[in-house]
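Here is the structure we will look at, set down as structure tokens.
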């Protein structure tokens with residue numbers, strides 16, 4: 001849609017899809033609001049519809065890692081590496097889901113951190129709080145990809161649940177691409193728990 005300046009704009013006529021220059025290169029960002037009012041983002045570049053299987057990363061929000069640079073997890077480095085790799089590829093997308101703390105929310109995530117400080121691993125901390133090990137869903141990610149014409153992807157992930165989450169919602173995963181980034185002494189226990197107890201494909 002071509003936009004023109006006007007003193008009166010009908011917000012319903014304006015799609016939430018705009019140019020987004022970043023330190024990693026130039027992208028566009030498209031925002032989708034789900035049935036619960038959560039706002040999810042598709043950060044993309046290139047013509048996704050004309051690419052048989054674009055490079056895609058499904059990334060769940062992590063305030064501590066993405067914004068504050070926490071080394072307790074590998075989230076921040078994973079996000080940055082995905083954006084860099086997509087720019088090199090020339091076409092692809094990051095689906096950024098508002099599912100903080102594997103879907104339990106920031107407050108509960110920091111409570112789980114407090115338990116990790118006294119020896120719980122990342123899975124047992126969630127369970128001790130009466131919460132699921134992983135409460136995320138991926139139907140909205142599949143919907144967002146479908147809306148921009150993507151039917152098949154090469155998925156940057158170490159998590160088998162993301163593969164299942166897309167395929168069970170109509171998106172074919174042509175290939176899984178290992179996405180190991182940000183390993184540090186501070187998060188090795190966390191990553192080992194994800195590998196040994198949650199089935200992630202991570203070699204440490």
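Just so it is clear, none of the values below were taken in a lab; they were calculated from the coordinates. Predicted, not measured: the structure shown is a model, and the values here were computed from it. Every residue, glycine as well, gets a Cβ built from its backbone with ideal geometry; the counts of neighbours run over all protein chains shown.
How large is log10 of I(q)/I(0) for the stretch 37-95 at q = 0.13, 0.16, 0.27 Å⁻¹ when the intensity is taken from the Debye formula with one equal scatterer per alpha-carbon? The computed values of log10 I(q)/I(0) come out as -0.37, -0.53, -1.07. Here the residues 144, 71, ranked from fewest to most Cβ neighbours within 10 Å of their Cβ, fall in the order 71, 144.
Full extension of the chain between residue 139 and residue 172 gives 10.6 nm of extra length, using 0.36 nm per residue less the Cα-Cα distance. Given the chain, what percent of its DSSP beta bridges are antiparallel, to the nearest 5? Of those bridges, close to 55 percent are antiparallel.
Over all distinct Cα-Cα pairs of the chain, the Kirkwood formula returns a hydrodynamic radius of 18.0 Å. When the chain is treated as a GNM with alpha-carbon contacts under 10 Å, the residue of 38, 72, 162 showing the greatest mean-square fluctuation is 38. Of 64, 167, the sequence from fewest to most neighbouring Cβ atoms within 10 angstrom is 167, 64.
Helices in the chain, meaning DSSP H runs of at least 4 residues, each add -39500 (n - 2.57). Divided by all residues, the mean residue ellipticity at 222 nm is -9000 deg cm²/dmol. Largest GNM mean-square fluctuation among 81, 16, 125, using the chain with Cα springs under 10 Å: 16. Our note on the geometry: Cα centres of the stretch 57-116 and the stretch 152-169, 16 Å apart.
For residue 89 and residue 118, a Förster radius of 45 Å and the Cβ-Cβ distance give a FRET efficiency of 0.55, rounded to the nearest 0.05.
The fewest-to-most ranking of 73, 51 by surrounding Cβ atoms within 10 Å reads 51, 73.
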